[in-house]
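Report on the structure given below.
The values are calculated or read from the model by the stated rules, or taken from the named source; none is laboratory data. Keep in mind that what you see is a predicted model, and the values were worked out from it rather than measured. Note that we place each Cβ from the backbone using ideal geometry, even for glycine, and neighbour counts take in every protein chain shown.
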Amino acid sequence: MRTFVAAADAGRFHDVAAELSITQQAVSKRIATLEKTLGVRLFTRTARGATLTIDGQAFLPHARDLLRAAERAAASVSPGRRALRVDVIGRRLAPAAALRDFHRAHPEVELEVVTLFDVDAAINAIRSGTIDASFRAVTMPGRQLPDDIGVARAFDEPIQLLTGPAHEFAAARAVTPAELVGHRIWMPGIVPGTEWGAYYDALAAAFGLTIEITGPDFGIEPLLDTIADSRSLATFVGEETHFVWPADHGLRRIAVQDPTPVYPHSLLWHRDNPHPALGALRDHLGSGRRDHSAAGTWTPPWAQR
């Protein structure tokens, strides 16, 4: 197709051969093969060169369209041109905020944000090339990442207590995990077997907390409605989790201290992924890493460093 368009523009097979760095005989064979495939003559050969037949003139604009489509297809996956596809566990959670920060720092990078279910789905998508990277908490107990998956701790996010205005701790500026013993922490969105399920299981076991996952998960708005009206129920949220609720809910975010539980967000990627924006994302996370893993904080011992 490219040879045909070049011949139509040049009018001489000899000139096309020089342009494409092939022999004139190869040009003639390519044109002959195309004519045989289409079942029509595309050129009239003369001593002065080659001119398009009526069929050749009709075919030329479509051939140009095909070449332009091929160029667009190649450009869509060329390094730096394809959007960087990154998985986040939820669009309101801290990893999504980290991606927004990255986009503000690198507006030239096109981003596509997806949400996969758990770390297994994320790893499979990374290995198949469906996504470029994923924010996850790894490793869970007993998990060993495949050798072709790179991982780096991105940042740690403090966990806060969220209560309604009538809750016992509503007026507190901070609470300790010990003070939460015996109180009901309601988190119906936790799915057993997931990395966030493993994190909260470890948190409950470490401090003797009661974290309930009973009842159907109707989404964040019904959860906030219930917490706002309850004197006994509270829930855990990440410090950077973005929630908006009606003003009359009167919800309170309360720091948890001594120690502060932190959720360990890591970035996963395929070690052979050549996308240049992937390196820029890792550098951005590394330069602004919010590390709360020092003394006075808690995270599961299995969390990937």
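Among the residues making up the range 240-258, those that are under 16 Å from LEU203 (Cα atoms) and either in contact with a helix residue (DSSP H, G or I) (Cβ under 9 Å, 6 or more places away or on another chain) or not assigned by TED's automatic domain parsing to the domain that holds ALA137 (or both) are VAL256, ASP258. VAL40 falls short on exactly one of the conditions (1) within 16 Å of the chain's Cα centre (by Cα); (2) in a loop (DSSP other than H, G, I, E, B), and that condition is (1). Of the residues in the range 126-144, at least one is part of a loop (DSSP other than H, G, I, E, B), in contact (Cβ under 8 Å) with a residue 60 or more places away in the chain and acidic (Asp, Glu). In the range 7-31, of all residues being within 21 Å of ASP65 (Cα to Cα) and surrounded by fewer than 18 Cβ atoms within 10 Å (Cβ to Cβ), the one that is farthest from the chain's Cα centre (by Cα) corresponds to GLY11. Of everything in the range 8-34 that is of a type in the set (A, V, I, L, M) and in contact with a Gly (Cβ under 9 Å, 6 or more places away or on another chain), the residue that is farthest from THR51 (Cα to Cα) is ALA10.
Flag: ILE211 matches the condition of being within 22 Å of ALA178 (Cβ to Cβ), of a type outside the set (Gly, Ala, Ser) and surrounded by 14 or more Cβ atoms within 10 Å (Cβ to Cβ). Taking the range 236-281 as the range and being assigned to a strand (DSSP E or B) and of a type in the set (D, E, K, R) as the test, the residues that pass are ARG252, ARG253. Note on the range 1-37: residues that are modelled with pLDDT under 90 and within 13 Å of GLY56 (Cβ to Cβ) amount to 2. Inside the range 175-195, residues that are farther than 19 Å from GLU221 by Cα, surrounded by 17 or more Cβ atoms within 10 Å (Cβ to Cβ) and either modelled with pLDDT under 95 or in contact with a Ser or Thr (Cβ under 8 Å, 6 or more places away or on another chain) (or both) make up a count of 3.
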